[in-house]
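Colleague: Below is the structure I would like to discuss, written out as C-alpha cells.
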Amino acid sequence: MAPETPGRETQETLSNLLREDRRFEPPADLAAAANVTAEAYEEAAQDRLAFWERAAERLTWEQRWETALDWKPPFAKWFVDGKLNVAYNCVDRHVEAGHGDKVAYFWEGEPGDSRTITYADLQKEVSKAANALTELGVGKGDRVAIYMPMIPELPVSLLACARIGAIHSVVFGGFSATALKSRIDDADAKLVITADGGFRRGAPSALKPTVDEAVADCPSIEHVLVVRRTGQEVAQTDKDVWWHDIVERQSAEHTPVAHDAEDPLFILYTSGTTGKPKGILHTTGGYLTQSAWTHHAVFDLKPESDIYWCTADIGWVTGHSYIVYGPLANGATSVIYEGTPDTPHRGRFWEIIQKYRVTILYTAPTAIRTFMKWGDDIPAKFDMSSLRVLGSVGEPINPEAYVWYREHIGGDRTPVVDTWWQTETGAIMISPLPGVTAAKPGAAMKPLPGIVADVVDDQAQSVPNGGGGFLVVREPWPSMLRTIWGDDQRYIDTYWSRFEGFYFPGDGAKKDEDGDLWLLGRVDDVMLVSGHNISTTEVESALVSHPKVAEAAVVGATDPVTTQAIVSFVILRGAAEEGEDIAKELRDHVSKTLGPIAKPRQILIVPELPKTRSGKIMRRLLRDVAENRSIGDVTTLADSSVMKLISEKLPSAASED
Ligand code: ATP
Ligand code: MG
C-alpha cells in the first residue's frame with residue numbers, strides 16, 4: 001500500500017479486483033521429464049551470473065568470454081570479449097553434429113504448397129545468401145532492411161546477415177511505404193530484401209510496389225534483392241536484383257567468422273501500440289543465450305521429438321526469437337505458415353497441427369479470442385492429440401480465453417504458458433514453467449530463473465502480496481536491449497528514468513495473495529475512477545467472462561463526477577443478439593464480478609476493435625472516441641476503416657443511467 005497522504009483518500013497504486021481460484025497442475029509425465037525443474041530458481045537465486053554463464057555454455061563459442069557482465073547503468077555488456085557466430089550456432093553446428101537430415105522447417109504456403117527444409121539445406125541456402133550479400137557489397141555492420149512474406153527466404157535472409165555480421169532490420173510486410181521508408185532512413189540501410197508478393201486471404205498480395213515507392217526516396221539504398229514468390233508482374237528499377245539470379249549461382253560454402261558478443265545483431269521497431277515506434281537494438285551473445293535458453297525451458301522443447309509452431313510473423317520480435325533464433329539454436333523442428341488462419345477455411349490452423357502432428361503451439365490472445373468467436377465446433381473437427389504445451393504472448397490473456405485455449409485446443413490436458421516480454425527484453429522474462437508451475441489462468445506467474453522483476457508503487461517500493469503497481473526489472477538480463485538505435489538519450493528517458501536504477505517496461509502488474517504476477521496492461525491506459533486506479537485488463541477480463549462477449553476493450557474517459565469513467569467497447573459472440581438489455585446485463589455482470597467501482601458508465605457494442613498490425617488493441621484511439629476528440633496517430637493501425645465503424649456507434653450510447 002502506498003504511504004497515506006493526509007487529506008487524500010488512501011489509494012493503492014493499482015487496484016486488485018479480480019479473483020481467480022482455478023489452478024492447473026503440470027501433467028505428471030511432463031514434470032517427470034521436464035528440461036528445467038524447480039531447482040533452476042534456487043540455482044539462479046544463489047548466483048545469477050553463474051546461472052546465465054551456464055546458459056551461454058549451451059552455445060558454441062569460438063572464444064569464451066572473460067566477464068559475464070559489465071554493467072554501467074543503464075548500459076550493459078554481456079559475455080565480454082566472447083566471440084561466436086549466430087548462424088553457425090543456429091545451423092552449421094547441428095550439421096556437424098550429424099543432424100544434417102533433421103528438418104529445421106516444415107513450411108506451409110497459404111495456397112497449400114509446402115517445402116521441407118533440413119538443417120543441411122538451411123546451411124547451403126544461408127551460405128549462398130551470405131555469399132550473395134557479400135557480392136552486393138554488404139559487409140559487417142551494414143544495415144539491411146527486410147520486408148518479406150513468411151517464406152523460407154525470410155529466415156534465410158536473417159541468418160545470412162547474422163553470418164556476415166550485417167545488422168538486419170525486419171519491417172513487417174503489412175506496413176505502408178511511408179512506414180518502411182522511415183525505418184530504412186532511421187537505420188540508414190544499404191539493401192532491402194523483399195519479394196514480388198506473398199499469399200494472403202487466398203490471393204497474391206504485392207509487396208514490391210510498396211518497396212519501389214519507399215526506395216524512390218531513400219538515397220542510402222543501393223540494391224533491392226527480390227525473391228519471386230507469387231509470380232505477379234513486377235516493375236523493374238535499376239536497383240533490382242532477382243534472388244534466383246544472384247543467390248542461386250553462389251557457392252554453397254561459406255566460412256562463418258566469429259563476431260564479438262556485443263556486436264549488433266539486429267534492429268527491430270516496436271509494434272507501435274502507444275506511439276512512435278522505437279528502433280530497439282539487440283546484440284549477439286546475450287540475445288542468443290536467452291532466446292535459446294528460454295525456448296528450451298518455457299516450451300520444454302525436446303529437439304528429438306517435438307514439432308514446434310509459433311504462429312507469429314517474423315516481422316515481430318516473437319518471430320525473431322521464437323521462430324528463428326531460439327528454435328534453431330536448439331536444433332528444433334518448426335512449422336512456418338505463410339497465410340491467415342481463415343484461408344481457405346476457419347480450421348486452417350487446426351488442420352496444420354493435425355498434418356504435422358504439432359506438439360507445441362505458441363500464439364497470441366487476439367487469435368485465441370477470434371477462434372472463440374468463430375465457435376468451438378471448428379477445432380473439434382481436427383485431431384490435435386499431438387499437442388503437449390501451449391503458449392500465449394502479446395497481450396494479457398483473459399482467464400476465460402486461457403481456459404478456452406486449454407480446453408478446446410489443448411484437450412484439457414496441456415499446460416498453457418502465458419509469457420510476458422517485449423521487443424525490448426528480447427526474450428521471455430515472466431512465465432510459468434510447464435513442468436513446474438501450478439498455473440493460474442490469466443497469470444504470467446513468476447520471473448524466470450535469472451530474471452529479477454518486481455511490482456513497485458510510485459515511490460519505487462515493492463508492493464506487498466495482494467497489491468498492484470508498476471512492473472520493473474531490477475537487474476540487467478542477457479537479451480536486454482542495448483539502446484534505441486542512434487538515440488541513447490531516448491533509451492535513458494524511456495526506460496530508465498521513471499525509477500532510479502530499475503528498468504521500467506511501461507506495464508502495470510499485481511502480485512496476488514501467493515505473490516504470483518498478473519500483468520494488467522499499459523500504465524498509460526490505467527483508469528482513475530473515484531480515487532481508484534483500475535486496470536483495463538481486469539475490467540476487460542470481467543466482460544469476456546460473460547458468455548455473450550467475445551472481446552472487449554475499456555478506456556477511462558473524463559467524467560465530471562468520478563474524474564474518469566469506464567467506457568467499454570464490446571464485440572459479442574457469434575450467437576449473441578445486440579438487444580436492449582445487453583448493456584445493462586454486462587454492466588451488472590462487471591459490477592458483480594469486480595465490485596461496483598468497476599461498473600462501466602457506457603457499453604458500446606461494436607463490430608471490430610482498433611488493433612495494431614500485430615493484433616494488439618490500441619486503447620488510445622478508443623479514448624479519443626470516448627472523449628469526442630479527433631483521432632490521433634493511426635499509422636500503425638491495421639485497418640483504418642475500423643475507427644469509422646466505431647465512431648458511428650457513439651451517439652447511441654450516451655449515458656445509460
Ligand atoms: P510500442 O512500444 O511501440 O507501443 P508495443 O509495446 O505494442 O509497441 P511490443 O514490444 O511488440 O510492442 O509489445 C510488448 C508489450 O506487449 C508489452 O509491453 C505488454 O504491454 C504486452 N504484452 C506482451 N506479452 C504480454 C503478456 N503475456 N501479458 C501481458 N501483456 C503482454
Ligand atoms: Mg512497448
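Colleague: Among the numbered criteria (1) over 23 Å from A50 (Cβ atoms); (2) charged (D, E, K, R); (3) more than 16 Å from ligand 2 (Cβ to nearest atom), which one does E424 miss?
Modeller: Just one mismatch for E424, condition (3).
Colleague: Is there a residue in the stretch 371-379 that is buried (at least 18 other Cβ atoms within 10 Å of the Cβ) and within 25 Å of S169 (Cα to Cα)?
Modeller: Within the stretch 371-379, not a single residue is buried (at least 18 other Cβ atoms within 10 Å of the Cβ) and within 25 Å of S169 (Cα to Cα).
Colleague: For residues in the stretch 503-546 being within 16 Å of ligand 2 (Cβ to nearest atom) and of a type in the set (A, V, I, L, M, F, W, C), which is farthest from the chain's Cα centre (by Cα)? Outline the logic, then answer.
Modeller: Here is the first cut: in the stretch 503-546, the ones within 16 Å of ligand 2 (Cβ to nearest atom) are 503-509, 519-526, 536-537.
Next cut, of a type in the set (A, V, I, L, M, F, W, C) only: 504, 509, 519-520, 523, 526.
Working: F504: 18, A509: 18, L519: 14, L520: 16, V523: 18, V526: 21 Å.
If we take residues in the stretch 503-546 being within 16 Å of ligand 2 (Cβ to nearest atom) and of a type in the set (A, V, I, L, M, F, W, C), then V526 is farthest from the chain's Cα centre (by Cα).
Colleague: Something else: Hey, among I428, I409, which residue is more than 18 Å from S541 (Cβ to Cβ), crowded, with 24+ Cβ neighbours inside 10 Å and touching a helix residue (DSSP H, G or I) at 6+ places or on another chain (Cβ under 7 Å)?
Modeller: Values: I409 fails: crowded, with 24+ Cβ neighbours inside 10 Å.
Just one listed residue meets the conditions, I428.
Colleague: Here is a check on your reading of the model: is G410 at positive phi and either more than 16 Å from ligand 2 (Cβ to nearest atom) or in the same structural domain as T370 (by TED's automatic domain parsing) (or both)? Spell out how you get there, then give the answer.
Modeller: Details: at positive phi: no; either more than 16 Å from ligand 2 (Cβ to nearest atom) or in the same structural domain as T370 (by TED's automatic domain parsing) (or both): yes.
Taking the combined requirement at face value, the residue does not satisfy it.
Colleague: Got a number for residues in the stretch 377-398 being within 16 Å of ligand 1 (Cβ to nearest atom) and without any contact (Cβ under 8 Å) to a residue 24 or more places away in the chain?
Modeller: If we filter the stretch 377-398 for residues that are within 16 Å of ligand 1 (Cβ to nearest atom), which is where we start, we get 389-398.
Okay, now just the ones that are also without any contact (Cβ under 8 Å) to a residue 24 or more places away in the chain, so none.
Total meeting the criteria: 0.
Colleague: Given the residues S530, S535, which is the only one that is of a type in the set (G, A, S) and touching a helix residue (DSSP H, G or I) at 6+ places or on another chain (Cβ under 7 Å)?
Modeller: Step by step, each of S530, S535 is checked, and only S530 is of a type in the set (G, A, S) and touching a helix residue (DSSP H, G or I) at 6+ places or on another chain (Cβ under 7 Å).
Colleague: I've got another one for you. Does any residue in the stretch 578-595 that is not assigned by TED's automatic domain parsing to the domain that holds L17 come within less than 8 Å, Cβ to Cβ, of a residue that is part of a helix (DSSP H, G or I) and of a type in the set (G, A, S) six or more places away or on a different chain, and which pairs are these?
Modeller: A583/A653; H589/A542; V590/A542; V590/A598; S591/A598; T593/A542; L594/A542
Colleague: Can you name every residue in the stretch 50-66 that is surrounded by fewer than 15 Cβ atoms within 10 Å (Cβ to Cβ) and under 16 Å from S479 (Cα atoms)? Can you show your working first?
Modeller: As a first pass, look at the stretch 50-66 and keep what is surrounded by fewer than 15 Cβ atoms within 10 Å (Cβ to Cβ): 50, 57-58, 62-64, 66.
Within the stretch 50-66, A50, E57, R58 meet the criteria.
Colleague: Continuing with this model, one more query. Residue by residue through the stretch 462-485, note down the ones that are over 16 Å from L520 (Cα atoms) and touching a residue at least 60 places away in the same chain (Cβ under 8 Å).
Modeller: P464, E475, P476, W477, P478, S479, M480, L481, R482, T483, I484, W485
Colleague: Sticking with this one: Is it the case, given these coordinates, that E222 is surrounded by fewer than 14 Cβ atoms within 10 Å (Cβ to Cβ) and either of a type outside the set (S, T, Y) or outside the structural domain of R613 (by TED's automatic domain parsing) (or both)?
Modeller: Details: surrounded by fewer than 14 Cβ atoms within 10 Å (Cβ to Cβ): no; either of a type outside the set (S, T, Y) or outside the structural domain of R613 (by TED's automatic domain parsing) (or both): yes.
No.
Colleague: Does T370 fit the bill of being within 16 Å of ligand 2 (Cβ to nearest atom) and in the same structural domain as Y322 (by TED's automatic domain parsing)?
Modeller: no
Colleague: Same structure again: Return yes when D342 is more than 16 Å from ligand 2 (Cβ to nearest atom), within 15 Å of the chain's Cα centre (by Cα) and either in a loop (DSSP other than H, G, I, E, B) or not assigned by TED's automatic domain parsing to the domain that holds V436 (or both) and no when it is not.
Modeller: Details: more than 16 Å from ligand 2 (Cβ to nearest atom): yes; within 15 Å of the chain's Cα centre (by Cα): no; either in a loop (DSSP other than H, G, I, E, B) or not assigned by TED's automatic domain parsing to the domain that holds V436 (or both): yes.
Spelling it out, it is not the case that D342 is more than 16 Å from ligand 2 (Cβ to nearest atom), within 15 Å of the chain's Cα centre (by Cα) and either in a loop (DSSP other than H, G, I, E, B) or not assigned by TED's automatic domain parsing to the domain that holds V436 (or both).
Colleague: Keeping to the stretch 508-518, report how many residues are out of contact with any Ser or Thr (no Cβ under 7 Å at 6 or more places or on another chain) and buried (at least 21 other Cβ atoms within 10 Å of the Cβ).
Modeller: Of the residues in that region, 4 qualify.
Colleague: Might you check whether a residue that is out of contact with any helix residue (DSSP H, G or I) (no Cβ under 8 Å at 6 or more places or on another chain), crowded, with 22+ Cβ neighbours inside 10 Å and either under 30 Å from E66 (Cβ atoms) or modelled with pLDDT under 95 (or both) occurs anywhere in the stretch 251-266?
Modeller: Yes: one or more hits.
Colleague: If you check E20, E43, which single one turns out to be surrounded by 14 or more Cβ atoms within 10 Å (Cβ to Cβ) and modelled with pLDDT under 95?
Modeller: Details: E43 fails: modelled with pLDDT under 95.
Being surrounded by 14 or more Cβ atoms within 10 Å (Cβ to Cβ) and modelled with pLDDT under 95 holds for just one of E20, E43, which is E20.
Here is a yes/no grid of residues against (1) in contact with an Asp or Glu (Cβ under 8 Å, 6 or more places away or on another chain); (2) within 16 Å of ligand 2 (Cβ to nearest atom); (3) of a type outside the set (D, E, K, R):
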residue: L281; (1), (2), (3): no, yes, yes
residue: Y308; (1), (2), (3): no, no, yes
residue: A332; (1), (2), (3): yes, no, yes
residue: V335; (1), (2), (3): yes, no, yes
residue: Q354; (1), (2), (3): yes, no, yes
residue: M384; (1), (2), (3): no, no, yes
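Colleague: Also: Between a residue in the stretch 425-438 that is touching a residue at least 60 places away in the same chain (Cβ under 8 Å) and any residue that is within 16 Å of ligand 2 (Cβ to nearest atom) and of a type in the set (F, W, Y), which pairs come within a Cβ distance under 6 Å, given they are 6 or more apart or on different chains?
Modeller: Close Cβ pairs (under 6 Å, with a partner that is within 16 Å of ligand 2 (Cβ to nearest atom) and of a type in the set (F, W, Y)) amount to I428/W421; I430/W420.
Colleague: Would you check if there is a residue in the stretch 399-418 being touching a residue at least 60 places away in the same chain (Cβ under 8 Å), basic (K, R) and either within 11 Å of ligand 1 (Cβ to nearest atom) or part of a loop (DSSP other than H, G, I, E, B) (or both)?
Modeller: yes
Colleague: When you check A195 against the structure, is it free of Cβ contacts under 8 Å to residues at least 60 places away in the same chain and either closer than 27 Å to P341 by Cβ or surrounded by 24 or more Cβ atoms within 10 Å (Cβ to Cβ) (or both), yes or no?
Modeller: Working: free of Cβ contacts under 8 Å to residues at least 60 places away in the same chain: yes; either closer than 27 Å to P341 by Cβ or surrounded by 24 or more Cβ atoms within 10 Å (Cβ to Cβ) (or both): yes.
When the stated conditions are applied, A195 passes them.
Colleague: Take the conditions among the acidic types (D, E) and either outside any loop (DSSP other than H, G, I, E, B) or closer than 28 Å to R115 by Cα (or both) and apply them to D185. Does it pass? Full working, then the answer.
Modeller: Numbers: among the acidic types (D, E): yes; either outside any loop (DSSP other than H, G, I, E, B) or closer than 28 Å to R115 by Cα (or both): yes.
In short, yes.
Colleague: Would you check if V156 is under 14 Å from F266 (Cβ atoms) and crowded, with 23+ Cβ neighbours inside 10 Å? Working first, answer last.
Modeller: On the way: under 14 Å from F266 (Cβ atoms): no; crowded, with 23+ Cβ neighbours inside 10 Å: yes.
Against the criterion (under 14 Å from F266 (Cβ atoms) and crowded, with 23+ Cβ neighbours inside 10 Å), V156 does not qualify.
The values are calculated or read from the model by the stated rules, or taken from the named source; none is laboratory data. None of these values were measured; they are calculated from a predicted model. Please note: Cβ atoms are built from the backbone with ideal geometry, for glycine as well, and neighbour counts cover all protein chains shown.
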